[in-house]
Amino acid sequence: MSKLVPCMWFDGDAEDAAKFYVSLVPNSAITHVQRNVADGPSGKEGSVLVVEFTVAGQPLVALNGGMKMEYTHAISLMIHCDDQAEVDSVWKAFLANGGKEERCGWLRDRWGVAWQIVPKVMFEFLSSSDKAAAARAMQAMMKMVKLDVEVLRRAFEGKSAA
């Protein structure tokens, strides 16, 4: 068991959220569902209290906390995508499930959780020793909603968007 496991707060739909999250990328699964042993603020006896799950191997917990809580951008979950096809697939899944697009590869899922859908190559671009190329990639990213690997690559290489 991981020593550090982010816990996400939900109002009765923790299991639905966990099922959706594990559908997004490989190496994801629900590992345990804990039900309420008695009636309480989080629900009736027998209803779902906690769902333990992994997304891409990262352990997470979804808790039915008994009331709605708002998420902020102060913490977000990031999915490192291998390529544009994965970016597109994950992005589409979020939007089809009630998500809303934001800027720079960010979106919010239907529960209000902030996610960053980022191609792995973006980190290579930004950490390049060629600071001008890294800056071009960053500037291109700042103009995007969903990140586009090819547009980012062209910007990094100093090629026109045409």
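The values are calculated or read from the model by the stated rules, or taken from the named source; none is laboratory data. Computed from a predicted structure; not experimentally measured. Here Cβ is always computed from backbone atoms with ideal geometry, including for glycine, and neighbour counts include all displayed protein chains. What goes into the accessible areas is simple: the full protein's heavy atoms, side chains included, and nothing from ligands, DNA or RNA. Shrake-Rupley method; radii C 1.70, N 1.55, O 1.52, S 1.80 Å.
Quick notes on this one:
- In region 40-52, the residues that are closer than 12 Å to A18 by Cβ reach residues that are charged (D, E, K, R) with C-beta atoms within less than 8 angstrom, at least six apart or across chains, in these pairs: V48/E15; V48/R35; V51/E15.
- Answer residue from region 131-153, given it is part of a loop (DSSP other than H, G, I, E, B) and without any contact (Cβ under 8 Å) to a residue 60 or more places away in the chain and is least open to solvent (accessible area, probe 1.4 Å) among those: M144
- Screening S128 against (1) open to solvent by 10 Å² or more (accessible area, probe 1.4 Å); (2) farther than 30 Å from D13 by Cα; (3) in a helix (DSSP H, G or I) leaves a single unmet condition, (3).
- Within region 13-44, considering residues that are part of a strand (DSSP E or B) and in contact with a helix residue (DSSP H, G or I) (Cβ under 6 Å, 6 or more places away or on another chain), the one nearest to W91 (Cα to Cα): A29
- Taking region 30-56 as the range and being under 25 Å from the mean Cα position of the chain (by Cα) and open to solvent by less than 40 Å² (accessible area, probe 1.4 Å) as the test, the residues that pass are S42, V48, V50, V51, F53, T54, V55.
- Only one entry of Q84, Q116 meets the criterion of being surrounded by 14 or more Cβ atoms within 10 Å (Cβ to Cβ), farther than 19 Å from T54 by Cβ and either over 12 Å from the mean Cα position of the chain (by Cα) or of a type outside the set (K, R) (or both), and that entry is Q84.
- Residues satisfying the stated conditions in region 87-103, i.e. open to solvent by 20 Å² or more (accessible area, probe 1.4 Å), hydrophobic (A, V, I, L, M, F, W, C) and free of Cβ contacts under 8 Å to residues at least 60 places away in the same chain: L95, A96
- Inter-residue pairs, beta-carbon under 9 Å, first under 18 Å from Q116 (Cα atoms) and in region 67-79, second of a type in the set (S, T, Y), 6+ apart: L77/Y21
- Within region 1-12, being in contact (Cβ under 8 Å) with a residue 60 or more places away in the chain and in a strand (DSSP E or B) holds for M8, W9, F10.
- Among the residues making up region 1-14, those that are surrounded by 11 or more Cβ atoms within 10 Å (Cβ to Cβ) and under 12 Å from L60 (Cα atoms) are V5, P6, C7, M8, W9, A14.
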